[in-house]
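Taking it in order: structure first as structure tokens, then the write-up.
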Amino acid sequence: MTFPFTWTVRRDGSHYNAKDWFGEGGRCDQEPRLSYIDRCYRATKQVRRSWLVDGTECANSDEAWAKLQHPPTFSEAELAALAVMTDEPQDLRGAYPYEVLRGLRNKGAASANMGRYTITPAGRAVLALQGAEHDQ
């Protein structure tokens with residue numbers, strides 16, 4: 001499966017350095033849940049792109065596309081952090097663990113810039129669904 005031809009991906013400034021490889025990462029502009037890592041293997045200099053959905057590596061683009069067809073799941077800690085986010089950037093790094101904030105960003109519910117987090121339209125939709133479930 002290939003992703004829609006209108007989708008674009010671009011480097012997001014993330015860098016990786018492992019024993020056997022190094023690489024750079026990026027994210028899809030149209031689907032923030034989709035990201036990638038381009039790995040360059042030190043021994044062979046071969047480059048391999050790995051797709052990630054919600055921060056979890058997929059075996060290939062077909063698996064990534066299949067995962068994108070289902071909504072992400074959120075932990076209670078992620079929902080608690082999302083509930084305090086607004087459209088105004090806030091530094092929440094001292095209030096919530098890094099893994100929680102990274103999870104929200106990977107799932108497209110929050111955006112981050114220089115450690116300051118804002119809620120996204122997808123994040124507002126998650127909160128609206130949570131509110132509707134509690135009303136029932």
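All of the numbers you see were taken from the coordinates with simple rules; none came from a lab. None of the values given here were measured: they were computed from a predicted structure. Counting neighbours? That spans all protein chains shown, and the Cβs are built from the backbone with ideal geometry, glycine included.
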Of the listed residues (Thr86, Thr6), the one being within 19 Å of Pro121 (Cα to Cα) and surrounded by fewer than 18 Cβ atoms within 10 Å (Cβ to Cβ) is Thr86
Near pairs, Cβ below 8 angstrom, 6+ apart or cross-chain, from region 57-81 (farther than 26 Å from Pro97 by Cα) to any residue that is hydroxyl-bearing (Ser, Thr, Tyr) and exposed (fewer than 15 other Cβ atoms within 10 Å of the Cβ) | Ser61/Thr2
